[in-house]
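Here is the structure we will look at.
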Amino acid sequence: MSAVEIAKAVRAGERSAVEVLDEHLARIEEREGDIHAFNLVLADDARAAAEAVDQAVAEGRDPGRLAGVPIALKDNLTTRGIPTTCSARLIEGWRPPYDATVVQRLAAAGAVAVGKTNLDEFAMGSSTENSAFGPTKNPHDLTRVPGGSSGGSAAAVAAGFAPVSLGSDTGGSIRQPASLCGVVGVKPTYGLVSRYGLIAFASSLDQIGPFSTTVADSALLLEIMGGHDPMDSTSIQQPAPSYLDVLDRGVEGLRVGVLRELVDAEGIAPDVRRRTEAAAEALAAAGAKVEEASVPAAIYGLSAYYLIAPAEASSNLSRYDGVRYGLRVDAPNTIDMNAATRTAGFGPEVKRRIMLGTYALSAGYYDAYYAKAQQVRTLIIRDFKAAYEQFDVLLSPTSPSTAFPLGDKTEDPMAMYLNDVCTIPSNLSGDPAMSVPFGVGDDGLPVGVQLLAPALGEATMLRAAAVLEGALR
Ligand code: GLN
């Protein structure tokens, strides 16, 4: 059952939230040992929340639009009193004193948090293999990665552990795992969803968004999570959006651009390209005007991102000093204690990013690297703006390939980074983008296609996604 269906049945008193929860916990019991989607399953807290929902229904109170809907939360979202680890040894055991705004809003709407999901340490990676607690496996094939960094959240939905989950997307961490796990994943417009309580990776790029099995479920989650939050200074001053009531309007007359630079990008597999072309045809068959689009600077996105994101990360991660959070490795003086703690507490990829970022920001190199990357970012924003004068939405592959084997790219950071070539440009521009499942590749594994839209164009983007979803039925 989808989240929309569960909430409807629970609100109408046709199903109990506890019964819905038990079904999902049973599936977790059965397959979690193989998949490892979770860092922590919250069976007791979830039962208490589900009971409260059932109690409300019994007393004639409306428990909310997500009544009894089980939801999995990426373990970089703070949960009050519940360990939040970012899959990092460094903050293992830390219990945040507050809930993220999104966690609060979903709970207030009656959602039931079932667990905290695994991720690449501090959300740095594309396969969830950088987790300090071991990798998550792809539910479609346990020898393959689920993608990353929100691999646990994508796998949880693909395995039926929860109908919906939350991830964060700095360079593709919602869309790429959604594609590899065969589920829907949305990165909203920067500022649409509050980042309060999202542990920062690269603050100018990070956004929280939903995973789901249907487009409507992601639309519903965005309606509930979106809207202004005074606790996040980058939150857009705008009320909660509404998408569900326009979702079935179709794409008649919509101008769709097939983003040539990304379809032709380095490493795009032939089967992924064919699925993207099939999606273009499906949109055309539904009445959209489909043409080729160009965003010339998009191909420089990857290089710019791998300077800007590490630069911001090197600053954000400086707070993990052995004093305020989690791990401390003692030493005779503070400087040595800081160094010993960070040496022991950060994994190799996180250390690589901190060094890269520190270098890019250092005096003498700042102009050549960080400032240059920011100029490229401006070019990307400009080129997208021009493209959106001609098109309502853009279409591209989400990820260059289907899910790759575990261990395949762990020794080669560049090969791992290349996974993000299609997803990064819209993080740099701040525009919304999403992945929708659109069939399978030559190996029988899921392929997602990416829809992109101008800032706050979620309604149109979701409409196009609903058409692709319908075309496969
Ligand atoms: N794979 C990208 C990276 O490693 C994106 C990660 C993300 O979106 N959190 O930086």
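The values are calculated or read from the model by the stated rules, or taken from the named source; none is laboratory data. For clarity, every value in this text was computed on a predicted model and none was experimentally measured. Neighbour counts run over all protein chains shown; Cβ positions are idealised from the backbone, glycine included. With ligands, DNA and RNA removed, areas are computed over all heavy atoms of the protein, side chains included. Shrake-Rupley method; radii C 1.70, N 1.55, O 1.52, S 1.80 Å.
Is the shape of region 13-103 best called rounded, prolate or oblate, per the rule: a/c under 1.5 gives rounded, else a/b larger than b/c gives prolate, else oblate, with a ≥ b ≥ c the square roots of the Cα gyration tensor eigenvalues? Walk me through the intermediate numbers first.
Working: a/c = 2.87, a/b = 1.49, b/c = 1.92.
Oblate shape, in that a/c is at least 1.5 and b/c is the bigger or equal ratio.
Spelling out what I want: for every residue of region 255-271, take phi, set θ = phi - 60°, compute 6.51 cos²θ - 1.76 cosθ + 1.60 (Karplus), and round to whole Hz; glycine and proline get x.
8, 10, x, 7, 6, 3, 4, 8, 5, 8, 4, 4, x, 5, 6, x, 5
Roughly speaking, what % of Cα-Cα pairs in region 7-58 are separated by over 16 Å, rounded to a whole number?
44
Expressed in nm², what is the orientationally averaged projection area of the convex hull enclosing the Cα positions of region 196-295? Mind dumping the intermediate values first?
On the way: hull surface 35.7 nm².
Reported value for the Cα convex hull: 8.9 nm².
Put a dot 7 Å past each Cα toward the Cβ at D442 and E59; how far apart are the dots in nm?
For the pair E59/D442, the computed spacing is 6.1 nm.
Less than 13 Å Cβ to Cβ from E266, Lys/Arg counted +1 and Asp/Glu -1: what total charge do the surrounding residues give?
Residues close to E266 contribute a combined charge of -2.
Region 77-133: Rg/Rh from Cα coordinates, Kirkwood Rh?
Over the Cα atoms of region 77-133, Rg/Rh equals 1.01.
Give the long-range amide H neighbours of F133: residues separated by 5 or more places, or on another chain, with amide H under 5 Å away, using H modelled in the peptide plane at 1.01 Å from N.
Residues meeting the amide H criterion: none.
Give the accessible area for D141 in Å² (nearest 10); use a 1.4 Å probe, count only protein heavy atoms, and leave out ligands, DNA and RNA.
Rounded to the nearest 10, the figure is 40 Å².
Would you mind telling me the share, in percent, of accessible area of region 346-473 contributed by carbon and sulfur at probe 1.4 angstrom?
Working: 2900 of 5040 Å².
Of the solvent-accessible surface of region 346-473, carbon and sulfur hold 57 percent.
Aspartates and glutamates near K8 by alpha-carbon distance under 19 Å, same-chain residues fewer than 8 away left out - which ones?
Within the straight-line cut-off, K8 pairs with E19, D22, E23, E51, D54, E59, D62, D217, E223, D245, D248.
Net charge near C181: determine it from the other residues with C-beta under 12 Å of the C-beta of C181, scoring Lys and Arg +1 and Asp and Glu -1.
Taking every Cβ under 12 Å from that of C181, the sum is +2.
Could you tell me how far the Cα centroid of region 121-200 sits from the Cα centroid of region 65-102, in Å?
For region 65-102 versus region 121-200, the Cα centre distance is 14 Å.
Consider all pairwise Cα distances in region 359-437 and report the whole-number % of them above 22 Å. List each step's numbers first, then the result.
On the way: 1352 of 3081 pairs.
Tail of P(r) above 22 Å: 44 percent of Cα pairs.
Give, to the nearest whole percent, the P(r) tail of the chain beyond 35 angstrom, counting all Cα pairs. Working shown, then result.
On the way: 28567 of 111628 pairs.
More than 35 Å apart: 26 percent of the Cα pairs in the chain.
I'd like the FRET efficiency for R27 and R260, computed as 1/(1 + (r/R0)^6) with the beta carbon distance as r and R0 of 35 Å, rounded to 0.05. Intermediate results must be reported in sequence, preceding the final value.
Details: r = 42 Å, r/R0 = 1.19.
Once the sixth-power term is evaluated, E becomes 0.25.
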